[in-house]
Amino acid sequence: MLCLLKHLLAWIYLTGISSGYLFPSRNELDHIVEARKDDPSCCIHCKEGISYETVLSRIKSTCAISIPYRSGPFGTHTMRKTGYLLSYWGGGEDSDMFKCARHKSAAMGAHYKRDALSLMAVVSIRNGNEGALVAPKFRPIFVQDLQLMRSV
């Protein structure tokens, strides 16, 4: 089963990034790879993160290829919308999802919830209402104290 947290922790371990940006630019990643070749146990301070334009471009191209029935618009909120969809599909609670998404108010999350429930209804209709939607049980992950998490 896909666990995003395990993949993120593996990324941190393999890159050796201990401070700075979590997702480096292409040039910075090349430096990290070279440094880790010489000393696999070294800790890396990532000075240059991937640009917003690069992230947005990759999201748009990935969505265009992966989602054949929609032409967009796709952007960074696509990830938050997908998180909501997977949460509700997996039986997530409103309060957990709003907290994980770091919304300031429940009203902000209500829009995402409405979209997720609408998509679930479309899938259910397309499947001919044959049984329940199958998804892993949603388990909220929320880090309140980032400094404490870094020491783990």
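Structure summary
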item: Karplus (6.51, -1.76, 1.60) ³J(HN,Hα), θ = phi - 60°, over the stretch 62-75, in Hz, Gly and Pro reported as x; result: 5, 5, 4, 7, 7, 10, x, 9, 10, 9, x, x, 10, x
item: Protein accessible area in the chain, 1.4 Å probe - carbon and sulfur %; result: 60 percent
item: Mean Cα-pair separation over length for the chain, i.e. relative contact order, pairs under 8 Å, 6 or more apart, %; result: 18 percent
item: Solvent exposure of the chain as accessible area per residue, Å², 1.4 Å probe; result: 75 Å²
item: Area accessible to solvent at residue 7, 1.4 Å probe radius, in Å²; result: 110 Å²
item: Of 37/99; 37/137; 47/81, pairs whose Cα-Cα distance is over 32 Å; result: 37/99; 37/137
item: Residues with amide H under 5 Å from that of residue 17, placed H, sequence gap 5 or more; result: 44
item: Rounded to whole Hz, the Karplus (6.51, -1.76, 1.60) HN-Hα couplings of the stretch 27-38, x for glycine and proline; result: 5, 5, 5, 4, 5, 5, 4, 4, 5, 6, 5, 6
item: Amide H contacts under 5 Å for residue 49, placed H, 5+ residues apart; result: 25
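The values are calculated or read from the model by the stated rules, or taken from the named source; none is laboratory data. Because the structure is a prediction, the values reported are computed rather than measured. We work out accessible area using only protein heavy atoms, side chains counted, and drop any ligands, DNA or RNA first. Shrake-Rupley method; radii C 1.70, N 1.55, O 1.52, S 1.80 Å.
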